[in-house]
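Accompanying notes for the structure given below.
The values are calculated or read from the model by the stated rules, or taken from the named source; none is laboratory data. Every value quoted in this text rests on a predicted model; they were computed, and no experiment measured them. Here the Cβ positions follow ideal geometry from the backbone for every residue, glycine too, while neighbour counts run over all protein chains shown.
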Amino acid sequence: MKQASEELIQFLASTDAGLLRIADLYTFKLVNDTVLRYTSADFNINHAGHIYSCKNAGIARSEMSWQIGLSVDDVIIELNPGQNDIIDGLKMVEAFRSGTFDGAEIQLDMAFYTEGWHEEPLILEKLFVGNVDVDEVSGSYVKLSVKSLTELLNTNFPANVYQTACQYALYDKGCKVAKGLYSENSVVNAGSTKKELRVYLVRSVGYYQNGVILFQSGRNINIKKSVKFHENGKVVLSTPLQHDPKAGDSFTIYAGCDKTIAMCKNKFKNLDNFSGTPFIPAADRTL
């Protein structure tokens, strides 16, 4: 719901539209609970104890429209980050490319000024709230598609489906497996490529197959990749890394799951939370 104070309502009703001074305020809430704040203005804006940074290399958005009903509204946001725009040690463009912003939520507020830019702004809250979908990352350009939270209503019905495989994602709230217990820290060895990593891992061959590897240092820091194969002394990635790995680059690798009842029971000791129904007859059988 868009929230306007009585002061803002009276201001908008009594001020000539041509004299309005307006700036957008963007609040990004990442899935790791990091909160980032930016503004379309060419100076920092202080509101409610928060600084909205102008160092975002020209953030801009498309026009917005709203319809009555349950249609999904969306807005396009474009950024042109520079070399000095850094997030968690990564250049902003690299952060978008590596998935740092995947699943993030954006709240867009609008700041109105009555006198000059130095005054405390009047705020129209929650002009738009939605989830981020990174459409394009190239050079110093980023394009985001942000869909309204009404998109969450687009769920399958019925919600629960009877199937052999487990319906939970490994380590999620339904699965309840503790991620840290099924991971390992190691480093890249010489002879590695963007697709195949030469590594030494304590756990047996195949343990990390279908899992995830997260780089902790080197040019690929904070980049996640799916593990296609875990072989003796080697990990094969589903897609190549952006940069060539170097010997000594550190990473954390997490076990994968094939969602079968056997793996849930034997590998993760998590049978109580298995959500599959392997003993229900297949659809092509009759009793």
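Values for this structure:
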quantity	calculated
Tabulated pairs, segment 252-275, first crowded, with 18+ Cβ neighbours inside 10 Å, second among the polar types (S, T, N, Q) and in a loop (DSSP other than H, G, I, E, B), C-beta under 7 angstrom, 6+ apart or interchain	Gly256/Gln209; Gly256/Asn210; Cys257/Asn210; Cys264/Asn270
Of all residues in segment 99-114 being surrounded by fewer than 20 Cβ atoms within 10 Å (Cβ to Cβ) and among the polar types (S, T, N, Q), the one that is farthest from the chain's Cα centre (by Cα)	Thr114
Top-ranked residue in segment 240-287 [being over 20 Å from Leu201 (Cβ atoms) and hydroxyl-bearing (Ser, Thr, Tyr); ranked as modelled with the lowest pLDDT]	Thr286
